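Below: one structure, written as structure tokens.
The values are calculated or read from the model by the stated rules, or taken from the named source; none is laboratory data. These figures come from a predicted structure and were not determined experimentally. Here the Cβ positions follow ideal geometry from the backbone for every residue, glycine too, while neighbour counts run over all protein chains shown.
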Amino acid sequence: MRARDVIASAVQNTFRSKLRTSLTVIAIFIGAFTLTITSAIGAGVSSFIDSQVGAIGAPGVLSVTAAPEDGPVDDGPSLYDPERATGGAAAVDGPPGFVPGGMNESDLDAIAGVAGITEVTPMISLQVDYIEAGGSEQYQLPLDLATGAFVPDLAAGTAVADVAEPQVQLPLDYVDALGFADAGAMIGETGTLGVTDAVGSHHEVGAVVVGVMNPGLLELGAETNLALADAVREAQQTGMVGDVSPVYLAVNASIDPASTPEQIAAIKDDLLAEGFSGMTVADQIGTFKTVIDVVTGILNAFAVIALLAAGFGIVNTLLMSVQERTREIGLMKAMGMRSGKVFGLFSMEAVFIGFLGSALGAGVAILLGVTVSPILAQGLFAELPGLEIVRFEPLSIALIMAVVMGIAFLAGTLPARRASSLQPIEALRYE
């Protein structure tokens, strides 16, 4: 009997007991369906997280902050360092009454001197009172200087550029608030930022809206180019007396994106020796991704349990099939069919049952996911544009089907071996 005939015969024999086979297929279906859905949800969430990574930091960037000088954080609060807090100046770069702790210019030089760091860019947070546009109401606005370490997820427009014109990127929820029909309508419009100076006087600074950012995992504010940042700081510092030394809460330290974990760890150790703490993107979002992976893993574990239970169903189905077809097996072996062919015939029946269950489970999961995903995206997850609730990847689906058929093959090994070991004369005498 040729391999093609073995396959055809196995498919035909599978449906001899339709009820028994159907119940086994349903058990496999449940496991395959769960595996397909959970893997698609995991892929969708991971893809969304990856798309948001640019809003936290690029892969080749360490976020560096001042490390406590009096021991680890677990030992309690750090001692106040007036030199570091003010940069050695009588006044600091910030709104009236705002005295941040952080790093000064000498700290930036120390970070830049660490081996493996190629560039240091300070993260500057700017304080503005409000933003308004086209006669709208005035709204509060967190404002940060954009750097090359951040890659915004834009709903419309472009990122701010290093040009002389003051530019700003606004979060998506400012579109309706400022009275615009959609994100595209806001591009090119001029917003007015209100700023209070050191003596309490009010200033207005204009900025062109060049981009609108989608919501992400973090509640980020607007981002400005250097021209707007300088204009806001100039307005804030009006009336200040004495030298003004900027103080930075954090800096972005660029490293080679291809750095190995060992090299990154060495850079972190060198930074710590200089009194600084460095974190990668993986450090910042690692816990979140770990939670997602754990939840997905638990759901997959339940699916595997269902598949193992279905495996016992396959064993039962084929053992009964062997018992019912004992005389038929004896006749086939008496006519010259080898034990290996008999083993292959029953193994193929098990694999075909696994294929039916996995194909149906994956197919229904895909159909349900494609149908429900847009509904959830427009309803429950409407505030997270760009989130693909389920993401079906062909390779993952193929792998799931292969695993299910592998389990089915292993489950069918015992019945197939029993069938192949039957002696023709004894099998023909079986009643």
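For every residue, the table says whether it meets (1) aliphatic (A, V, I, L, M); (2) within 24 Å of M348 (Cβ to Cβ); (3) in a helix (DSSP H, G or I); (4) modelled with pLDDT of 75 or more.
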residue	(1), (2), (3), (4)
V6	yes, yes, yes, no
A10	yes, yes, yes, no
T21	no, yes, yes, yes
T24	no, yes, yes, yes
A32	yes, yes, yes, yes
A43	yes, no, yes, yes
S47	no, no, yes, yes
S51	no, no, yes, no
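Just so you know, in segment 183-214 the residues that are part of a loop (DSSP other than H, G, I, E, B) and modelled with pLDDT of 90 or more include one that is nearest to the chain's Cα centre (by Cα), and it is I187. The condition of being under 30 Å from I41 (Cα atoms) and crowded, with 16+ Cβ neighbours inside 10 Å holds for F392. Please verify whether segment 349-365 includes one or more residues that are within 24 Å of the chain's Cα centre (by Cα) and not in a helix (DSSP H, G or I). No, the conditions are met nowhere in segment 349-365. Just one of the numbered conditions (1) aliphatic (A, V, I, L, M); (2) touching a residue at least 60 places away in the same chain (Cβ under 8 Å); (3) closer than 28 Å to A8 by Cβ is not true of A365: (3).
Within segment 168-182, the residues that satisfy the criterion of being within 30 Å of the chain's Cα centre (by Cα), over 20 Å from I124 (Cα atoms) and not in a helix (DSSP H, G or I) are L172, D173, D182. Scoring G278 on the criteria (1) out of contact with any Ser or Thr (no Cβ under 9 Å at 6 or more places or on another chain); (2) over 26 Å from A402 (Cα atoms) leaves a single failure, condition (1).
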